[in-house]
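Notes follow once the structure below has been shown.
The values are calculated or read from the model by the stated rules, or taken from the named source; none is laboratory data. Please read these numbers as outputs of a predicted model, since none were measured by experiment. Backbone-built Cβ (ideal geometry, glycine too); neighbour counts: all protein chains shown.
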Amino acid sequence: MFPGDKQTHVEIMAVVRKDGLEGQNAPSGNETSCSDSINADGQASQQLDSVEHARRSLLLSPHPYPGRLIAVEGIDGSGKSTQLLLLERWLRARGYPVRFTEWNSSRLVRQSLRRGKRKNLLTPTTFSLLHAVDFADRLTYNILPPLKAGMIVLSDRYAYTAFARDVARGVHPEWVRKVYSFALRPDLTLYFRVPITVSLERLLSGRAKLKYHEAGMDLGLSSDPTESFAMFQKRVLDIYDQLAVEFGLRTIDATGEILDQQRIVRRMVREVLRDYDRERARGNYGAAGQTW
Amino acid sequence: MGPRAKPGKSWYGHGLPYLAEKRLPGHLIAIEGTDGVGRSTQIQLLRPWLEVEGYAVSNTGWARSPLLHETIEQAKAGHQLTVTTFSLFYAADFADRLEHEILPALQAGFIVIADRYMYTAFARNTVMGADPAWTRDLFGMALVPDLVLHLDIDVETLIPRVVQNKGMNYWESGMHLALGTDLFESFVRYQGRLIQEYRRLASEFGFITIDARRSIDEVQDDLRRHILDYLPTTGAFRVDEGPPANAE
């Protein structure tokens, strides 16, 4: 609904965040000029366009930007973050301009989420909407600008996490898809699939205790965290399997050796970067001041 | 109309599927209208009147949820919000109040008076240039009010009222939309558009529109008349012994 150019009008006052862009990509003068056109009275036609958009979620068609968006998904303890880190190392070593963004890392909702979790104030719907705020904020500041500037954006978790977790918590699957209809479709989403027993083993060996929400304790499935985790994550896992089909996520068997998985990851990423490399060779990425 | 619509009540969209089906014998009355039109003054007068009539009343107001109130204030001060995050915040605030204030009060048989409802988000988002369909999708979890009373005004009447009362503030003047550098001009344009939008929504959703240009008393009389018109026809219950013991 708000592909980058439509989003700009409220952003004119936006402060580039400290973890935002390097100077050359900072939203500059053209943001201001965009905003001038917003108040135009041609609003009606603009709205019709966006109605069309909303009906066809942006997640369903490729994004138009010169950069590449690569996301990893999977239940807690699937090893996706490790794999993404290794991918990032490799891409950087090969000289690619890389930006990294992570689920639930926006400052905007940190306080509300922390307070809500601590005091158990969150309902499945507010939990979902606050994570959507986090996502929308990072999309605006951390994902769209680098993509428009031709960078590679690595995203640890994406909207699919909401589709899996929030629906496992009980929100309507259609509703949450509509909420996220402004999310761009990644060029590649890797789904690290792992059985509950394996993820539980990994999590418990890493740290002594399971987190309250990670274990879905808020749902009251069981008073035993391990049992609750197994029950909740099983739901999440089942939904992920369906999402993989619905959205064409690339499934990777995450029970295997780290090195073997990373080999597969890099092979898949290389495919996605083939055209990108060609453009890059021509010097066509990250052209400053270009409007996409 | 959701699949779980309750007798006499309906969800705007999919509702809240995870909530157990419960009877909602109370009444949800929304008061809509732009900034400074006199909603809170009118609500302050409605509440004691309804209580004298024997009804238990609960109030709820826009952006006042314990979960989000502070965060929204901070975020507005930080100039980091986009139309999208703005809308999502208000939807979250709304959902929080819906689940923690509105539904429990309706369940307990209260009249809930909502100072603004989802239509305010519809109006504002449209004026901000956001996708109206998306905004409406967000509020698919909302309960449709039993009665929407729309306080209608024109900008000419609104301006002196606002200036005399609390003055024009940055957000209510729509300065975030960069409609102009002058606060006054921006206020006139922004509020003018909001008023238009409320009127459009009034016909779309069948609000009862009340001319709010008149005196406080005249407006109050109208509001009471419409509320009385509504209450008996629903086979309204009366709380003769005061609010139920389990309420709040």
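Here are a few things to note about the model shown:
- Residues in region A:141-150 that are assigned to a helix (DSSP H, G or I) and of a type in the set (A, V, I, L, M, F, W, C): A:143, A:144, A:147.
- First in region A:178-189 and more than 14 Å from chain B (Cβ to nearest Cβ), second anywhere and in a loop (DSSP other than H, G, I, E, B) and among the basic types (Lys, Arg), Cβ under 7 Å, 6 or more apart: none
- Among the conditions (1) surrounded by fewer than 24 Cβ atoms within 10 Å (Cβ to Cβ); (2) touching a His at 6+ places or on another chain (Cβ under 9 Å); (3) more than 7 Å from chain A (Cβ to nearest Cβ), residue B:133 misses just one, which is (3).
- Qualifying residues in region B:57-98 (those that are more than 18 Å from residue B:176 (Cβ to Cβ), in contact (Cβ under 8 Å) with a residue 40 or more places away in the chain and surrounded by fewer than 22 Cβ atoms within 10 Å (Cβ to Cβ)) - the one nearest to the other protein chains (Cβ to nearest Cβ): B:60
- Any chance residue B:129 is touching a Lys or Arg at 6+ places or on another chain (Cβ under 9 Å), under 27 Å from residue B:230 (Cβ atoms) and small (Gly, Ala, Ser): no
- Filter pass, residue B:84 being over 18 Å from residue B:124 (Cα atoms) and among the hydroxyl-bearing types (Ser, Thr, Tyr): no
- Scanning region A:73-83 finds one or more residues that are farther than 25 Å from residue B:78 by Cβ, away from chain B (no Cβ under 14 Å) and surrounded by fewer than 20 Cβ atoms within 10 Å (Cβ to Cβ).
- Single match in A:98, A:133 (criterion: among the β-branched types (Val, Ile, Thr) and touching a strand residue (DSSP E or B) at 6+ places or on another chain (Cβ under 8 Å)): A:98
- Residue A:176 falls short on exactly one of the conditions (1) aliphatic (A, V, I, L, M); (2) at pLDDT 95 or above; (3) under 16 Å from residue A:253 (Cα atoms), and that condition is (3).
- Taken over region A:222-244, the residue count meeting the criterion of being surrounded by 17 or more Cβ atoms within 10 Å (Cβ to Cβ) and not in a helix (DSSP H, G or I) is 0.
- Annotation note: Cβ proximity below 6 Å between a residue of region A:129-140 that is more than 8 Å from chain B (Cβ to nearest Cβ) and in a helix (DSSP H, G or I) and a residue that is among the small types (Gly, Ala, Ser) and buried (at least 24 other Cβ atoms within 10 Å of the Cβ) (sequence gap 6+ or interchain) occurs for A:131/A:162; A:134/A:106; A:138/A:106.
- Any hit, region A:187-198, residues being in contact with a Ser or Thr (Cβ under 6 Å, 6 or more places away or on another chain) and in a helix (DSSP H, G or I): yes
- Residue match in region B:161-170 (condition: closer than 23 Å to residue B:81 by Cα and more than 14 Å from every other protein chain (Cβ to nearest Cβ)): yes
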